[in-house]
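Here's the structure we're looking at; comments come further down.
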Amino acid sequence: MWVPTGIAFLVAGVLELTFLGLSVLGTLMGAGMTGVALFGGMRGDEAFLGPMLLVFYGLWLFCTIVAAPVHLVAGVAFVTGRRNRTLLIAATVVSLLPLATVYCAPFALVAGVLGLVTLLAPPTGASDHLAASDSTLRPPA
């Protein structure tokens, strides 16, 4: 289950990186509109739009800045065969953050569910027992 979970974390991380770029642009746009509203360039309802965009895109920016690196590191580690339960727990918990960004929510949810399944699955094969014991295979003497 580690490799499919790693692939799901990689896909979620790439989507979060894409949304990170959009969130940076949206946050800058909201900040610019807020500045224009503060200096009297906008009136009424238009003046509210800049701070609203700043808050929403700022929240989405925070969620993707935290989630994307964790998902990418976990995905690369799991696909290359490095099993680390602490990283799995961190990536699974961080999968809740992109739910605030509707764009990244489906893949983050799938990655989080696969992370839970991998976390709760009992070790079944010899490779799982070998990874848990941190020992190496030695030929019989």
Selected residue [touching a residue at least 60 places away in the same chain (Cβ under 8 Å) and loosely packed, with under 14 Cβ neighbours inside 10 Å] from 11, 3, 102, 76: 3
Any hit, segment 32-44, residues being under 28 Å from the mean Cα position of the chain (by Cα), farther than 30 Å from residue 83 by Cα and in a helix (DSSP H, G or I): yes
The listed residue being within 13 Å of residue 95 (Cα to Cα) and in contact with a Phe, Trp or Tyr (Cβ under 8 Å, 6 or more places away or on another chain), out of 11, 66, 3: 11
Helices (runs of 4 or more DSSP H) wholly inside segment 45-141 that include at least 1 residues being modelled with pLDDT of 90 or more and closer than 19 Å to residue 18 by Cβ: 45-79, 85-94, 105-120
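The values are calculated or read from the model by the stated rules, or taken from the named source; none is laboratory data. Keep in mind it's a predicted model, so treat the numbers as computed, not measured. Virtual Cβ from ideal backbone geometry, glycine too; neighbours counted across all protein chains shown.
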